[in-house]
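Before any comments, here is the structure.
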Amino acid sequence: MVYLTLSPSRAIERVLQRGFKSVELSYDNFIASRVGEIAELSEVVDSVSRYRLDSFSVHLPYDNLELSTSRLASSISRFSRWIKLLDRVNVDFYVTHLPNLPPSRGSIDVAVKYLRNLADLVSGSSQVLVENTASTGRLGATPEDLLAVVRYADAPNLGVCVDVGHAIITRTPLTSFSSTLRELIKSIHLHDNDGFSDKHLLPGSGVLDLRELVEFLAVARPTLVIAEVACKGLSECDNVLDSIVDIGNFLRRAI
């Protein structure tokens, strides 16, 4: 979510030029730059293919996940187009939100069907990760929700991405995610906020308890930690990336 004034491909290029070896394609950059999805995805593939990365992940669109058979089918079709293009490079994780449903047994059934369809689209070693929501009124806010849908979906390429900022807003202890989900946690979206809105701030500049974060990471041991910090100006975002390096060094020493 850095360089929101740039197209996704240009934002990724600038991140990689600054020496980062892991990057996640943000859907928010598509929204902010208003570029055409398919043409821009081809540009992203061209940018990523020029670098040797440790990992590359993709946050799939989340703007058409309302409950209806036609809308969810449309989303799966859209994701299929994304994945066919992006599979030209190695994608480790495709991160998705669950359909916008209230927490209930029937909602879990719908979410399981959605996840199975999505898991069938990816190939090779790619995995689909379910992200916790920022709303307690929706399925997916709690670690128990995530455990239920992933276990019931019963696909070998499914896992979980824990969004730290969302957990702050829902008042869900990070340690409850690590104790409940354990080896299912593959990726972390790390950012901070004021406890009420999804501001995507640098860790340490909001209400995030850094001691709890360290305890959580020590147990979860995710494959990937993405600093999902939003910024716009080029010089501002350059400084944000420098801060992300410092935060990464701090966490490595602390864990």
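Values computed for the structure shown
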{"quantity": "Answer residue from region 1-29, given it is of a type in the set (S, T, Y) and part of a loop (DSSP other than H, G, I, E, B) and is nearest to the chain's Cα centre (by Cα) among those", "calculated": "S26"}
{"quantity": "Residue match in region 77-85 (condition: of a type in the set (F, W, Y), part of a helix (DSSP H, G or I) and crowded, with 20+ Cβ neighbours inside 10 Å)", "calculated": "yes"}
{"quantity": "Filtered residue count, region 174-209, keeping only those that are over 21 Å from D28 (Cβ atoms) and aromatic (F, W, Y)", "calculated": "1"}
{"quantity": "For L210: the one exception among (1) surrounded by 16 or more Cβ atoms within 10 Å (Cβ to Cβ); (2) out of contact with any helix residue (DSSP H, G or I) (no Cβ under 7 Å at 6 or more places or on another chain); (3) more than 21 Å from K21 (Cβ to Cβ); (4) hydrophobic (A, V, I, L, M, F, W, C)", "calculated": "(1)"}
{"quantity": "Enumeration of residues in region 216-255 that are assigned to a helix (DSSP H, G or I) and of a type in the set (A, V, I, L, M)", "calculated": "L217, A218, V219, A220, L234, V240, L241, I244, V245, I247, L251, A254"}
{"quantity": "Any pair with Cβ under 6 angstrom, 6 or more apart, that starts in region 227-238 at a residue that is within 13 Å of L6 (Cβ to Cβ) and ends at one that is in a helix (DSSP H, G or I)", "calculated": "C231/C237; C231/V240"}
{"quantity": "Answer residue from region 118-137, given it is out of contact with any Ser or Thr (no Cβ under 9 Å at 6 or more places or on another chain) and either surrounded by fewer than 17 Cβ atoms within 10 Å (Cβ to Cβ) or not polar (S, T, N, Q) (or both) and is farthest from R88 (Cα to Cα) among those", "calculated": "G137"}
{"quantity": "Positions within region 30-45 being surrounded by fewer than 21 Cβ atoms within 10 Å (Cβ to Cβ) and either part of a helix (DSSP H, G or I) or of a type in the set (A, V, I, L, M) (or both), in sequence order", "calculated": "F30, I31, A32, S33, V35, E37, I38, A39, E40, S42, E43, V45"}
{"quantity": "Qualifying positions in region 46-74 - at pLDDT 90 or above and either in a helix (DSSP H, G or I) or closer than 16 Å to E131 by Cβ (or both)", "calculated": "D46, S47, V48, S49, S57, V58, H59, L60, P61, Y62"}
{"quantity": "Among the residues listed as E215, E144, the single one being surrounded by fewer than 17 Cβ atoms within 10 Å (Cβ to Cβ) and of a type outside the set (G, A, S)", "calculated": "E144"}
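The values are calculated or read from the model by the stated rules, or taken from the named source; none is laboratory data. Keep in mind that this is a model prediction, so the values were computed, not measured. Note that each Cβ is placed from the backbone with ideal geometry, even for glycine, and that neighbours are counted across all protein chains shown.
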